[in-house]
């Protein structure tokens, strides 16, 4: 797709200019959302606190023979939660990279 220059946009009808502006605003909003998703991952802060808190509670209330099983289960759940957050962040970064490559080529 050819990039529209300022001169090309000025030659468009007002309706076409409005459509181009709407599309550009939507693209900018989507990119901003992706940047926010890529920058922030609450799991980086909460994950260590959850691990230690839940392990403390499990060890406090579980019987001696269930402790290893409970710890393994809790760790599995927390690792899955953490991996899902990291995957969302990586997906956002990859999509941003694709958009920038397409924008640079156009």
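The values are calculated or read from the model by the stated rules, or taken from the named source; none is laboratory data. Treat the numbers as computed from the prediction; the structure is a model and nothing was measured. Every residue, glycine as well, gets a Cβ built from its backbone with ideal geometry; the counts of neighbours run over all protein chains shown.
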When you go through (1) modelled with pLDDT of 80 or more; (2) loosely packed, with under 10 Cβ neighbours inside 10 Å one by one for residue 90, which number turns out not to apply?
(2)
Being at pLDDT below 70 and exposed (fewer than 11 other Cβ atoms within 10 Å of the Cβ) is true for just one of 105, 101. Which residue is that?
105
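To keep it simple, each residue is scored yes or no on (1) more than 21 Å from residue 96 (Cα to Cα); (2) at pLDDT 85 or above.
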{"site": "7", "(1), (2)": "yes, no"}
{"site": "18", "(1), (2)": "yes, yes"}
{"site": "22", "(1), (2)": "no, yes"}
{"site": "26", "(1), (2)": "no, yes"}
{"site": "34", "(1), (2)": "no, no"}
{"site": "39", "(1), (2)": "no, no"}
